[in-house]
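The values are calculated or read from the model by the stated rules, or taken from the named source; none is laboratory data. Note that the structure is predicted; figures quoted are calculated from it, not measured. Heads up, the Cβs are rebuilt from the backbone with ideal geometry, glycines too, and the neighbour counts pull from every protein chain shown.
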Amino acid sequence: MPQDPIRDTKRAMWLGWKRKCPNCGSGPLLRSYLKVNDSCTVCTQELFHHKADDGPAYLTILIVGHLMAPVMHVAFVTYRPEPLVMFTLLTIGCVALSLYLLPRLKGAIVGLQWARGLGGFGARG
């Protein structure tokens, strides 16, 4: 059985973050907001093997929570805004940050799986 070439994990995750194919770096990884292409349109790398599942959502919640909690604390202690104003601004911030991070984290997880041969990328048929 031939050995797979060594795949650079950091590069693959960075390309996934940019929503590009982890193999060639040119083709789009996603065909819609979160739907991964079955294969790369440039290098024909199969991408349907990914098993990202709920990982991107968990990471998004973790990151957004850790970023927004200190913002909420500092805003409340320093400025004492009206509750409705604070709620509105923090809600907009959380939603915007979540929408920004979710497809990028999904791409990074698919890139990690591709580089490490996880989730079906390393299986031989």
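So which residues in region 4-51 are crowded, with 20+ Cβ neighbours inside 10 Å and over 17 Å from the mean Cα position of the chain (by Cα), if there are any at all?
Scanning region 4-51 gives a single hit, Cys40.
Has region 115-122 got at least one residue that is assigned to a helix (DSSP H, G or I), under 22 Å from Thr9 (Cβ atoms) and either among the acidic types (Asp, Glu) or in contact (Cβ under 8 Å) with a residue 40 or more places away in the chain (or both)?
yes
Counting just the residues of region 76-90 that are of a type outside the set (A, V, I, L, M, F, W, C) and surrounded by 11 or more Cβ atoms within 10 Å (Cβ to Cβ), which one comes out nearest to Leu34 (Cα to Cα)?
The selected residue is Thr88.
In region 91-122, which residues are buried (at least 18 other Cβ atoms within 10 Å of the Cβ) and among the aromatic types (Phe, Trp, Tyr)?
Trp114, Phe121
Are any of the residues in region 4-17 at pLDDT 95 or above, charged (D, E, K, R) and either in a strand (DSSP E or B) or within 15 Å of Leu102 (Cα to Cα) (or both)?
Taking every residue of region 4-17 in turn, none turns out to be at pLDDT 95 or above, charged (D, E, K, R) and either in a strand (DSSP E or B) or within 15 Å of Leu102 (Cα to Cα) (or both).
Taking only region 65-105 into account, find how many residues are among the aliphatic types (A, V, I, L, M), under 21 Å from Trp14 (Cβ atoms) and in contact (Cβ under 8 Å) with a residue 12 or more places away in the chain.
Qualifying residue count for the region: 5.
Filter region 21-33 down to the residues that are touching a residue at least 24 places away in the same chain (Cβ under 8 Å) and either assigned to a loop (DSSP other than H, G, I, E, B) or of a type in the set (Lys, Arg) (or both), then identify the one that is farthest from Asp53 (Cα to Cα).
Going through the qualifying residues, I end up with Asn23.
Report, by residue number, each residue of region 34-85 that is assigned to a helix (DSSP H, G or I) and among the hydroxyl-bearing types (Ser, Thr, Tyr).
Answer for region 34-85, where residues must be assigned to a helix (DSSP H, G or I) and among the hydroxyl-bearing types (Ser, Thr, Tyr): Tyr58, Thr60, Thr78, Tyr79.
Kindly indicate whether any position in region 94-102 is more than 30 Å from Phe121 (Cβ to Cβ), part of a helix (DSSP H, G or I) and not small (Gly, Ala, Ser).
yes
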